[in-house]
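Below you'll find the structure, written out as structure tokens, and then a few comments.
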């Protein structure tokens, strides 16, 4: 293993993110943190781009969960050691005790982090995690943790939104949206009837949309799965989405293609 180990940290809560980065600097001085992310889509793209040795992933993040990020990385063939960070109680933690991944319980204790770092170091020296074992455990975790309620109940998903088209303000049913796309400080809302502008950054939308139907396919794009007519994959593993009521197609980077494996 090289002297310098590269790392990505993904945590949506600013104070917890800063605390984890600070403690990692204390217990793992040679660690190089190449990216710090606030949501799952950004984490997936950062890990695919930097190919770090290790990633610390929050389980519950806007957009993609930490488990979905890890699944996307496996689909893309990215070999990164994974440590999950979770707020689930000890009963849910039993799901993590059998297999290839490590976990940290929030709030992260320095002593526990040091012990986890030592296990990761040893595993990296042996060549990292076993991909087949990790894939099997991720599938089991996705099924088991889907039945565990989060520590804080979330508000119901967004149903309506107001967006502007020129001088007109429109009330748009969220189910009618084909996709959202980031545009500087605004977000483009695309429906069958055309586009409108929403004065809300795309990251804020990830926190209020129904995660079972709205998926991030790029750092700047969220697609409504109901609006997808089909998906094709090229030889490099990247994908293209065809839409039911829009003529344009949407590009899907290779790590995000795991979301469409069964389509």
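The values are calculated or read from the model by the stated rules, or taken from the named source; none is laboratory data. Everything numeric in this text was worked out from a predicted model, so none of it was measured. We place every Cβ from the backbone using ideal geometry, glycine too, and count neighbours over all the protein chains shown.
Below are the figures for this structure:
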quantity: Filter result (under 11 Å from residue 255 (Cβ atoms) and either in contact with a strand residue (DSSP E or B) (Cβ under 8 Å, 6 or more places away or on another chain) or assigned to a strand (DSSP E or B) (or both)) within segment 59-72; calculated: 64, 69, 70
quantity: Within segment 228-248, tally of residues that are out of contact with any helix residue (DSSP H, G or I) (no Cβ under 9 Å at 6 or more places or on another chain) and in contact (Cβ under 8 Å) with a residue 40 or more places away in the chain; calculated: 0
quantity: Selection count, segment 40-58, where residues are buried (at least 21 other Cβ atoms within 10 Å of the Cβ), in contact with a strand residue (DSSP E or B) (Cβ under 6 Å, 6 or more places away or on another chain) and either in contact (Cβ under 8 Å) with a residue 40 or more places away in the chain or farther than 17 Å from residue 216 by Cα (or both); calculated: 9
quantity: Those residues of segment 1-23 which are farther than 25 Å from residue 258 by Cα and surrounded by 20 or more Cβ atoms within 10 Å (Cβ to Cβ), in sequence order; calculated: 20
quantity: Residue satisfying condition, being in a helix (DSSP H, G or I) and either over 26 Å from residue 224 (Cβ atoms) or modelled with pLDDT of 85 or more (or both), within set 100, 55, 92; calculated: 92
quantity: Residue among 205, 243, 250 that alone is in contact with a strand residue (DSSP E or B) (Cβ under 8 Å, 6 or more places away or on another chain), within 22 Å of residue 12 (Cβ to Cβ) and buried (at least 18 other Cβ atoms within 10 Å of the Cβ); calculated: 205
quantity: Any chance residue 23 is in contact with a strand residue (DSSP E or B) (Cβ under 7 Å, 6 or more places away or on another chain) and under 15 Å from residue 106 (Cβ atoms); calculated: no
quantity: Some residue of segment 178-192 being touching a residue at least 40 places away in the same chain (Cβ under 8 Å), within 21 Å of residue 37 (Cα to Cα) and touching a strand residue (DSSP E or B) at 6+ places or on another chain (Cβ under 8 Å); calculated: yes
quantity: Those residues of segment 59-74 which are surrounded by fewer than 24 Cβ atoms within 10 Å (Cβ to Cβ) and over 16 Å from residue 138 (Cα atoms), in sequence order; calculated: 62
quantity: Residues being part of a loop (DSSP other than H, G, I, E, B) and over 8 Å from the mean Cα position of the chain (by Cα) - total across segment 33-52; calculated: 3
quantity: Matching residues, segment 211-240, being farther than 23 Å from residue 184 by Cα and outside any loop (DSSP other than H, G, I, E, B); calculated: 225, 226, 227, 228, 229, 230, 231, 232, 233, 239, 240
